[in-house]
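These notes concern the structure reproduced below.
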Amino acid sequence: MRKVTVFNFVTLNGYFEGPKGDISWHRHGTEENEYAVKALKSGSTLLFGRVTYELMASYWSTPMAIKNDPVVAEGMNKAEKIVFSKKLKKAEWNNTRLVKGDLVKEIKRMKQQPGKNMAILGSGSIATQLAEHGLIDEYQIMVDPVVIGGGTPLFKDIKNKLDLKLTTTRTFKSGVVLLCYKPMDFITHENRSISSNR
C-alpha cells in the first residue's frame, strides 16, 4: 500500500504560514536544504492544494530558482505532482495532474494502487482533511525557533483527536528541530505485520 507523508514547517506557536501566506520566517539553511534534496530523491509523488501549488509553481519553475537552488529546483520540476482544486482550470507546471474530484476518495483509491509514496508539502487544508480520515501515515514537522503574531495553524479546524507517536527527532544548527510522528493506529498495524511475518 502506498503511504502518505505530511512535510511542513511551523512556528513555535503552531503556524505554518503567517498573514497573507508569508513564510519568510522559515530558517532554510544548508542542512535543511540537504534534507529537502534527500527527500526529493526518494521519488515521492508531491501533493498540493491550489494555494500552495500556485506558490510553488510560481517560484520553482523560474530561472531565479534554478540559479539560486539548482538541485532542489530540478527535483521539484521533475517530480510527479498532483494538485487538488475545484477552482483551478488547468495545471501548467510540468509533470502535474489536476484532480477536481473528491480528495478523500481519490487518496483512498491511490493508496490501494501500486506506485510511488506520496508527500504533502504545505497545503494545510489537504493535510487536515486527510488526517481527519486517518489517511496520513507519517507527519514530518520542522519547528522553527520563532514566534509570529498570527497566521494559519497547521491543523486549522481539525475536529478529531490525533494520537501520534514520536519516531525520530533531529536538531539542525539553525535551531530548527525536525519531529517525525506516526499515528498510533499505524504503529499498531506495523507491529502486527512484523509479528505475522516472523
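Quick notes
- Residue list for the stretch 101-119, restricted to those being over 13 Å from ARG2 (Cβ atoms) and either at pLDDT 90 or above or under 19 Å from the mean Cα position of the chain (by Cα) (or both): ASP102, LEU103, VAL104, LYS105
- Some residue of the stretch 60-70 being without any contact (Cβ under 8 Å) to a residue 60 or more places away in the chain, among the acidic types (Asp, Glu), in a helix (DSSP H, G or I) and closer than 29 Å to VAL143 by Cβ: no
- VAL4 meets the conditions (1) of a type in the set (A, V, I, L, M); (2) more than 21 Å from LEU98 (Cβ to Cβ); (3) touching a helix residue (DSSP H, G or I) at 6+ places or on another chain (Cβ under 8 Å); (4) surrounded by 18 or more Cβ atoms within 10 Å (Cβ to Cβ) in every case but one. The failed one is (2).
- Within the stretch 4-37, the set of residues being over 30 Å from GLN113 (Cα atoms), among the β-branched types (Val, Ile, Thr) and either at pLDDT below 90 or under 13 Å from the mean Cα position of the chain (by Cα) (or both) comprises VAL10, ILE23, THR30.
- Checked against (1) under 16 Å from LEU130 (Cβ atoms); (2) surrounded by fewer than 17 Cβ atoms within 10 Å (Cβ to Cβ); (3) not charged (D, E, K, R), MET64 meets all criteria but (1).
- Residues located in the stretch 1-22, provided they are closer than 23 Å to ASN77 by Cα and either free of Cβ contacts under 8 Å to residues at least 12 places away in the same chain or in contact with a Lys or Arg (Cβ under 6 Å, 6 or more places away or on another chain) (or both): ARG2
- Selection status of GLU80, within 24 Å of TYR139 (Cα to Cα) and among the charged types (D, E, K, R): yes
- Taken together, LEU40, LEU98, LEU47, LEU88 contain a single residue that is aliphatic (A, V, I, L, M), over 28 Å from THR171 (Cβ atoms) and under 18 Å from the mean Cα position of the chain (by Cα), which is LEU98.
- Segments classed as strands (runs of 3 or more DSSP E), wholly inside the stretch 83-147, with at least 1 members that are small (Gly, Ala, Ser) and buried (at least 20 other Cβ atoms within 10 Å of the Cβ): 118-121
Yes/no matrix, rows are residues, columns are (1) touching a Phe, Trp or Tyr at 6+ places or on another chain (Cβ under 6 Å); (2) among the aliphatic types (A, V, I, L, M); (3) part of a helix (DSSP H, G or I):
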| site | (1), (2), (3) |
| --- | --- |
| MET1 | no, yes, no |
| THR5 | no, no, no |
| PHE16 | no, no, no |
| ALA39 | no, yes, yes |
| TYR53 | no, no, yes |
| MET56 | no, yes, yes |
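Quick grid of which residues meet (1) among the charged types (D, E, K, R); (2) within 26 Å of TYR59 (Cβ to Cβ); (3) in contact with a helix residue (DSSP H, G or I) (Cβ under 7 Å, 6 or more places away or on another chain):
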position: ARG97; (1), (2), (3): yes, yes, no
position: LYS108; (1), (2), (3): yes, no, no
position: GLY115; (1), (2), (3): no, no, no
position: ILE120; (1), (2), (3): no, yes, yes
position: SER123; (1), (2), (3): no, yes, yes
position: GLU132; (1), (2), (3): yes, no, no
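- Close pairs (6 angstrom Cβ cut-off, 6 or more residues apart or separate chains): in contact (Cβ under 8 Å) with a residue 12 or more places away in the chain and over 19 Å from TYR35 (Cα atoms) in the stretch 160-176, surrounded by 12 or more Cβ atoms within 10 Å (Cβ to Cβ) and acidic (Asp, Glu) anywhere: ASN160/GLU132
The values are calculated or read from the model by the stated rules, or taken from the named source; none is laboratory data. All values derive from a computational prediction rather than experimental measurement. Here the Cβ is made from the backbone with ideal geometry for all residues, glycine too, and neighbour counts use every protein chain on show.
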